[in-house]
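This report refers to the structure that appears directly beneath it.
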Amino acid sequence: MQSDLLWHPFTQEKTKGKQIHIERGEGTKIFDTDGKSYLDMISSWWVNLHGHANLEIADAIYRQAKKLEHVIFAGFTHTPAVELCTELSKFLPESLVKFFFSDNGSTSVEVALKMAYQFWFNVGERNRTIFLCFEGAYHGDTFGAMSVSAIPKFHDVFKELFFKSVAIPFPNTWDYDDAAEEKEQNALRVLEECLESYGNQVAAFIMEPIIQGASGMKYSQPSFVKKVCELLKNYGILLIFDEVMTGFYRTGKMFALEHVCIAPDIICLSKGLTGGFLPLALTVTTKRIYDAFLGDGFNKALAHGHSYTANPIACAAAIASTGLLSRDETIKNINKIVSIQKENLEKLYSMFSSVIMRPRCLGTIAAFDLDDKSYNVKDISLKLLNMGVFIRPLGNTVYLLPPYCISQDELVYSYRAIEDCLTIAL
Ligand SMILES: *Cc1c(COP(=O)(O)O)cnc(C)c1O
């Protein structure tokens, strides 16, 4: 076998070193070909909900694969798609009633952007061509998604090719932040100025509600997000919530929108949708937006679709995962994770308050920034890996985002391991 055939994502190939060869997974653990196990403390890039190789999801996939593996989704429909949307609609705001399938987070964002843009086109407000986003936003790696993202390190090479978007400051607050109010006021002021000068040319504001993932688990208070949404409403601007990361109880609620009590015009879902088994995404919107695409000819229709749209096997995995999320046992464990994270992050912060900055906890996600003058964050994650704990810091941000089947012992062990690494390195 030739492993040098591969080019890995988000990786400097020259310095990448040896990639760990994983053979199997079980629950919270992944096992390499030497049999060494690692606790997957980032849920494999935030997709895994119920642990690896979950038997119920695996069985659902097997059963569906034997019945119908795939069928074109134009001119045809199927039960797994209908059943999945029916189940999910029970968790979503009543106004979100039209479900459009695609394959991954980036495509769910592309669909949302096209829906928003074409909505205004179809209703005759063709000057609405600008998109707003937050500084530090990450919405995916395709061109539309990159155009509304604002992480220079990832996307700057391509910026000449992007369409028009404006990034509003993101408060980036934390659990003990005295300056939260001031930062929020500043962001709101910038937003108001933008809206006053060209609010009626804005098609939509896309945001990761409350917590930005890829830019480093950056936090803003729900009350702030609410104020932003209210300002947008005055200008009729569409609101897109990208819940690709925050969805499915990551923030302690099924969807982060529940923290702000706001129903967006469009929501993007992916990552945890299938419990981390198969790529699948949904862009869900309102009847109002949907209706603007109706007409006698094709010209008003949404010209978008992917070969694997609404793949039945992926839908079956998503139905099984949603079923698991509906169980009391799962919710109990999620709530337990929330309190263990909070308690242990506080403890860690109290032990290392001179080198840990901006500790923040939201739902099942815990994050902090390490003073990189005192620590080499890469060394810390390597040490942790040797101790059987897999994390993948974002810059100097260390975060734990575990699968929901994690036991108290495993989670506490991860904190003790971090504690040991920080102690040794000091
Ligand atoms: C990961 C992510 C995406 C992109 O999803 P992919 O499946 O990687 O294309 C979009 N938005 C957010 C908030 C994400 O975290």
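The values are calculated or read from the model by the stated rules, or taken from the named source; none is laboratory data. Bear in mind that the values here come from a model prediction, so they are computed numbers and not experimental data. Please note: Cβ atoms are built from the backbone with ideal geometry, for glycine as well, and neighbour counts cover all protein chains shown. We work out accessible area using only protein heavy atoms, side chains counted, and drop any ligands, DNA or RNA first. Shrake-Rupley method; radii C 1.70, N 1.55, O 1.52, S 1.80 Å.
Residues in region 212-247 that are closer than 17 Å to Ser165 by Cα, in a helix (DSSP H, G or I) and among the β-branched types (Val, Ile, Thr): 1 in all.
Within region 144-171, can you find the residues that are part of a loop (DSSP other than H, G, I, E, B), more than 16 Å from the ligand (Cβ to nearest atom) and under 24 Å from Ala367 (Cα atoms)? Within region 144-171, Pro169, Pro171 meet the criteria. Looking at Gly363, is it over 22 Å from Asp32 (Cα atoms) and crowded, with 21+ Cβ neighbours inside 10 Å? Yes, satisfied. Of all the listed residues (Thr285, Thr251), the sole one being within 14 Å of the ligand (Cβ to nearest atom) and not basic (Lys, Arg) is Thr251. For region 1-37, taking the residues that are of a type in the set (Asp, Glu) and exposed (fewer than 10 other Cβ atoms within 10 Å of the Cβ), the one that is modelled with the lowest pLDDT is identified as Asp4. For region 104-134, the tally of residues that are more than 16 Å from the ligand (Cβ to nearest atom) and surrounded by fewer than 24 Cβ atoms within 10 Å (Cβ to Cβ) stands at 13.
Of everything in region 135-155 that is open to solvent by 30 Å² or more (accessible area, probe 1.4 Å), under 18 Å from Pro9 (Cβ atoms) and not aromatic (Phe, Trp, Tyr), the residue that is nearest to the chain's Cα centre (by Cα) is Asp141. Looking at region 190-211, is at least one residue outside any loop (DSSP other than H, G, I, E, B), acidic (Asp, Glu), touching a strand residue (DSSP E or B) at 6+ places or on another chain (Cβ under 9 Å) and modelled with pLDDT of 95 or more? Looking for residues that are outside any loop (DSSP other than H, G, I, E, B), acidic (Asp, Glu), touching a strand residue (DSSP E or B) at 6+ places or on another chain (Cβ under 9 Å) and modelled with pLDDT of 95 or more, one finds none in region 190-211, hence no. Here Leu238 meets each of (1) under 23 Å from Thr107 (Cβ atoms); (2) within 16 Å of the ligand (Cβ to nearest atom) with one exception, condition (2).
Restricted to helices (runs of 4 or more DSSP H) entirely inside region 251-353, those with at least 2 residues that are open to solvent by less than 30 Å² (accessible area, probe 1.4 Å) are 257-260, 312-325, 328-351.
Which residues, taken from region 58-81, are open to solvent by 80 Å² or more (accessible area, probe 1.4 Å) and closer than 15 Å to Ala316 by Cβ? Residues satisfying the conditions are Tyr62, Arg63, Lys66, Lys67, Glu69, Thr77, Thr79. Here Lys98, Lys183 are screened, and the one residue that is touching a Phe, Trp or Tyr at 6+ places or on another chain (Cβ under 7 Å), modelled with pLDDT of 95 or more, away from the ligand (no atom under 12 Å from the Cβ) and open to solvent by 40 Å² or more (accessible area, probe 1.4 Å) is Lys98.
A single entry from Leu88, Leu55, Leu92 fulfils the requirement of being surrounded by fewer than 19 Cβ atoms within 10 Å (Cβ to Cβ) and not β-branched (Val, Ile, Thr): Leu55. Pairs meeting the criteria (first residue in region 196-225 and within 18 Å of Val148 (Cβ to Cβ) and open to solvent by 20 Å² or more (accessible area, probe 1.4 Å), second residue in a loop (DSSP other than H, G, I, E, B) and within 14 Å of the ligand (Cβ to nearest atom), beta carbons under 6 Å, at least 6 apart or on different chains) are Ser215/Gly136; Ser215/Tyr138; Ser215/Ile151; Lys218/Gly136. Would you be able to say whether some residue in region 345-365 is without any contact (Cβ under 8 Å) to a residue 12 or more places away in the chain and either among the charged types (D, E, K, R) or under 27 Å from Phe31 (Cα atoms) (or both)? No: region 345-365 contains no residue that is without any contact (Cβ under 8 Å) to a residue 12 or more places away in the chain and either among the charged types (D, E, K, R) or under 27 Å from Phe31 (Cα atoms) (or both).
For Ser43, the stated conditions hold: it is within 16 Å of the ligand (Cβ to nearest atom), in contact with a Pro (Cβ under 8 Å, 6 or more places away or on another chain) and closer than 30 Å to Ala167 by Cα.
Which residue, of Ala116, Ala137, is in contact (Cβ under 8 Å) with a residue 40 or more places away in the chain and not in a loop (DSSP other than H, G, I, E, B)? Reasoning before the result, please.
On the way: Ala137 fails: not in a loop (DSSP other than H, G, I, E, B).
Criteria check complete, one pass: Ala116.
The set of residues from region 92-132 being closer than 23 Å to Val47 by Cβ and touching a Ser or Thr at 6+ places or on another chain (Cβ under 6 Å) comprises Phe100, Phe101, Ser102, Asn104, Gly105, Ser106, Ser108, Glu110, Val111, Ala112.
Of the residues Asp141, Asp175, the single one that is out of contact with any Leu (no Cβ under 7 Å at 6 or more places or on another chain) and more than 13 Å from the ligand (Cβ to nearest atom) is Asp175.
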